[in-house]
Number of protein chains: 2
Amino acid sequence: MRILYHYPLCPYSRKIRLILAEKKLDFTTQIERYWEKRPEFLQLNLAGHVPVLIDLNGSVLATSVAIAEYLEEAYPDRPLIGEGLPQRAEVRRLMAWFDEQFGHGISKCLVFEKNIKRYMKLTGNTGPDSNAIRQAKGALHTHLDYISWLVDRRNWLAGDHFSLADITAAAHLSVIDYLGDVPWESHSLAKEWYSRIKSRPTFRTFLQDRVPGLVPASHYLDLDF
Amino acid sequence: MRILYHYPLCPYSRKIRLILAEKKLDFTTQIERYWEKRPEFLQLNLAGHVPVLIDLNGSVLATSVAIAEYLEEAYPDRPLIGEGLPQRAEVRRLMAWFDEQFGHGISKCLVFEKNIKRYMKLTGNTGPDSNAIRQAKGALHTHLDYISWLVDRRNWLAGDHFSLADITAAAHLSVIDYLGDVPWESHSLAKEWYSRIKSRPTFRTFLQDRVPGLVPASHYLDLDF
């Protein structure tokens, strides 16, 4: 059986969980508290990050973009990067946009401040940094506007078909939704797009995710949020 | 003719310049001072980053990872991601490692502090942040150790063949080498690997790069540094 080392609120892990589910590939999960730098885990991935996937043949795959491309090549049924060079470039551009702009500026920041920071032994750790949280939540509006702009012109983020662009954006948004930090009410088009993804069967596993001491927002389970 | 919008000290732009040169694809370059957010440039790439490539057919391609994958698919002669799924995953893992760990922590930081910051109208801008520079230069040793570890076991970073992993790592290192910040003397294996890349004809264009007010380190042009 495939094994995915992940953390429930890691958006990059959620991206791979969604890809595996959309491609109907069986896998078991193992939660990795990656900040503890467990030596056996560092043997699998020197960078010490989740996700790490061990495929059926024993291949150890690390880094979400490399895993995503691997899965697309190894399991080409139910393609998620699309066809045609411009289309594939657009999917990859948006995937990088959400992983980098959104990931570094918003989702990683909010999960770190609100969840992971409490486990780390940082010098002078005085709890969540309210300035960093305010800045991340402010930047979120720009991204929701961009999603709205895209789905006002296209069926899905990168074009006619559901793709890795939608998966990546939804993976990042879903962790912030758990934290209750998405201002859905002022972004109706983005909300409509997200509700289409949230009602896909492959998304349901996220709704069961829990981390100790951090209850999901009241609407997190609600498909009609 | 293809047009590449780039900035001479942008490591992500250098990655694409090297790929184009290795694949023997003709292109002209246009320097983009991307921090000025020129409206015509933002029309090409909303994210406002270089590199942006306009291919022969008019396709506009943005974000270095999407451009790299596009070029590999559009021009499969002289492949740079390799063959076989595990090998391709390893190339992509290392590409992401250098673009993210090295790029965010070191090369982007040093180029920003030593070059780009002087052009930006930042509140309270008091010149280069010596703490940030010290931290980036400290982290550089870990990456050079990692490169040495890899080339002690493999011919090139990802295995037997020169690949996008080598191109990406060399692109990031080359901008820091321009700044004179690479401690080559204490990393002889990494230096030997870099000198092999530096002597490739495709690398020569970098040696002509200049930015106003910032003279390259004395050994920057020297193939026998």
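Laboratory data are not the source of any read-out in this text; all were calculated from the coordinates shown. Here the structure is a predicted model, which means the values were calculated and not measured. Every residue, glycine as well, gets a Cβ built from its backbone with ideal geometry; the counts of neighbours run over all protein chains shown.
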- Looking only at other chains, what is the average number of their beta-carbon atoms within 10 angstrom of each beta-carbon in B:80-90? 4
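Where in region B:116-225 are there trypsin sites (Lys or Arg not before Pro) that are in a DSSP coil and have at most 16 other Cβ atoms within 10 angstrom of their Cβ? Could the numbers behind the result be given before it?
Working: sites: B:117, B:118, B:121, B:134, B:137, B:153, B:154, B:191, B:196, B:198, B:204, B:210; in loops: B:121, B:154, B:210.
Answer by residue number: B:121, B:154, B:210.
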- Query: From the cross-link list A:117/A:198; A:198/B:23; A:108/A:191; B:15/B:114; A:117/B:198, which pairs have alpha carbons spaced over 32 Å apart?
  - Reply: A:198/B:23; A:117/B:198
- chain A: radius of gyration and largest Cα-Cα distance (Dmax), Å: 17.1, 52
- Item | region B:86-161 versus region A:39-77: alpha-carbon centroid distance in Å | 22
- If A:186, B:148 are placed from fewest to most neighbouring beta carbons inside 10 Å, the sequence is A:186, B:148
- Item | Spin-label model distance (nm) - residue B:192 vs residue B:134, 7 Å beyond Cα toward Cβ | 3.4
- Task: Report, as an integer, the average count of C-beta atoms from other chains found within 10 Å of each Cβ along B:196-204.
- Result: 0
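By counting other Cβ atoms within 10 Å of each Cβ, how are A:90, A:100 ranked from fewest to most? Provide the component values of the computation, followed by the final result.
Numbers: A:90 25, A:100 18.
With the sparsest Cβ surroundings first, the list reads A:100, A:90.
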- 10 Å binning of all Cα-Cα separations within region B:83-155, expressed as whole percents from 0 upward: 17, 37, 26, 14, 6, 0
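What does the average come to when, for each residue of peptide B:100-106, you count the partner chain Cβ atoms lying within 10 Å of its Cβ?
Numbers: counts 8, 3, 0, 1, 2, 0, 0.
Averaged over the peptide's residues, the number is 2.
Run through the DSSP bridge list for chain A and note the antiparallel percent, rounded to the nearest 5. Could you put the intermediate results ahead of the total?
Values: 8 of 13 bridges.
Within chain A, antiparallel bridges account for around 60 percent of the total.
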- Item | Estimated 222 nm signal from helices in the protein assembly as shown, with DSSP H stretches of n ≥ 4 weighted -39500 (n - 2.57), rounded to 500 | -14000 deg cm²/dmol
- Note on the structure: Note, region A:175-180: 3J(HN,Hα) by Karplus (6.51, -1.76, 1.60, θ = phi - 60°), whole Hz, Gly/Pro = x, goes 6, 6, 5, 4, 6, x
- Query: Is any residue of region A:99-121 close enough, with backbone N under 15 Å, to a label point placed 7 angstrom from the Cα of residue A:33 along the Cα-Cβ axis, and if so, which?
  - Reply: A:115-121
- Residue-by-residue Karplus 3J(HN,Hα) for region A:140-151, coefficients 6.51, -1.76, 1.60, Hz, glycine and proline x: 4, 4, 4, 5, 5, 4, 5, 4, 4, 4, 5, 7
- Pull up all non-local amide H partners of residue A:29: gap of 5 or more, or a different chain, and H-to-H distance under 5 Å with H placed in the peptide plane. A:4
- Message: So if I restrict to the alpha-carbon atoms in the protein assembly as shown, what is the Rg, and what is Dmax, the biggest pairwise distance, in Å?
- Response: 21.7, 66
- Message: Please list, in order along region A:18-24, the HN-Hα scalar couplings obtained from phi with the Karplus expression 6.51 cos²θ - 1.76 cosθ + 1.60 (θ = phi - 60°), rounded to whole Hz, x for Gly and Pro.
- Response: 5, 4, 4, 5, 5, 8, 6
